[in-house]
Amino acid sequence: MGKRIIQQARGKGSLSYRVRKKAYIYRIKYPMHDGRAQILKILHSVAHSAPLVKAKIANEIFYNPAFRGVFEGKEIEIGGQILNEGNILALKDIPIATNIFNIEKNPGDGGKMIRVSGSRAIVNKKYENGKVGILMPNKKELILDEDCRASIGTIAGEGRKQKPFVKAGAKYYKMKARNKLWPRTSAVKMNAVDHPFGSGRGKRIKQKVAKRNAPPGARVGHLRPARTGRRKR
């Protein structure tokens, strides 16, 4: 009898495939009221590719991705219409062709998009129905509500991928901290008992249509089509 394939083992959530809670102790969000905030500290978070800033407004502490040119003690504005680096504004108050990051999908959700190191989006167009077009890094436009908030500038850490890991051990601990699957073994290189594509009898993936009600770990290969044949009009 073969062992569980990787999808099944990860889905079960054993100690080998479980991320540490310590990696996700910092939650990125925006404060609920406007005003002037001060950056207290620049932090390293295992769960995020970019450094984070710890900021305080009144008695509230919040975390946001660090931006280019940030330093401890810098003050940022939340709300208003001042376009300084790091300020948090509503999309309706941000001019066209401005670089932004950590954009809200829905007003008040605290920022969900453009949070990777070195990334940014651009305010592209403003519509009459209270919508704003955002040009994403993949050159596609995303239409959002004008009351969604975003941070001005570009996220720090753009050269993260230029520095090599050098050793496999460094890469191992980096991936282990975030529970990423590494190194990844190709299915055709496994034994027949370990994966439906395994065995040495020809290094080719044979056609295999998985059952519709198969569990997630067993649904590998060709998924069963909803229908076949020519569509009748």
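Hey, any hits in segment 67-75 for a residue that's of a type in the set (Gly, Ala, Ser) and over 26 Å from residue 157 (Cα atoms)? So that I can check it myself, show each step before the final result.
Within segment 67-75, the subset of a type in the set (Gly, Ala, Ser) is 69, 73.
Then keep just the ones that are over 26 Å from residue 157 (Cα atoms); that gives none.
Checked against the condition, which is being of a type in the set (Gly, Ala, Ser) and over 26 Å from residue 157 (Cα atoms), segment 67-75 yields no hits at all.
Residue count for segment 144-168, restricted to those that are over 24 Å from residue 80 (Cβ atoms) and hydrophobic (A, V, I, L, M, F, W, C): 3.
Given the structure, is residue 47 farther than 28 Å from residue 87 by Cβ, of a type outside the set (Asp, Glu), at pLDDT 80 or above and out of contact with any strand residue (DSSP E or B) (no Cβ under 9 Å at 6 or more places or on another chain)? No; evaluated as a whole, the condition is false for this residue. Just one of (1) more than 24 Å from residue 63 (Cβ to Cβ); (2) touching a residue at least 24 places away in the same chain (Cβ under 8 Å) fails for residue 111. It is (1). Contact map, segment 25-47: first residue touching a residue at least 12 places away in the same chain (Cβ under 8 Å) and in the same structural domain as residue 71 (by TED's automatic domain parsing), second residue part of a loop (DSSP other than H, G, I, E, B) and among the aliphatic types (A, V, I, L, M), Cβ cut-off under 6 Å, separation 6 or more or different chains; pairs are 42/66. Out of all the residues in segment 49-56, is one or more assigned to a loop (DSSP other than H, G, I, E, B), of a type in the set (Ser, Thr, Tyr) and more than 30 Å from residue 22 (Cα to Cα)? Within segment 49-56, not a single residue is assigned to a loop (DSSP other than H, G, I, E, B), of a type in the set (Ser, Thr, Tyr) and more than 30 Å from residue 22 (Cα to Cα).
Scanning segment 12-67 for residues that are surrounded by fewer than 13 Cβ atoms within 10 Å (Cβ to Cβ), closer than 24 Å to residue 176 by Cα and not charged (D, E, K, R) yields a total of 6.
So, of the residues in segment 206-227 that are at pLDDT below 70 and over 20 Å from residue 8 (Cα atoms), which turns out to be surrounded by the fewest Cβ atoms within 10 Å (Cβ to Cβ)? The selected residue is 207.
Inspection of segment 121-138 identifies no residue that is of a type in the set (Lys, Arg), out of contact with any Asp or Glu (no Cβ under 6 Å at 6 or more places or on another chain), surrounded by 15 or more Cβ atoms within 10 Å (Cβ to Cβ) and within 21 Å of residue 158 (Cβ to Cβ).
The values are calculated or read from the model by the stated rules, or taken from the named source; none is laboratory data. Just so it is clear, the structure is predicted and the values come from calculations on it, not from any experiment. Reconstructed Cβ throughout: ideal geometry from the backbone, glycine too, with neighbour counts over all protein chains shown.
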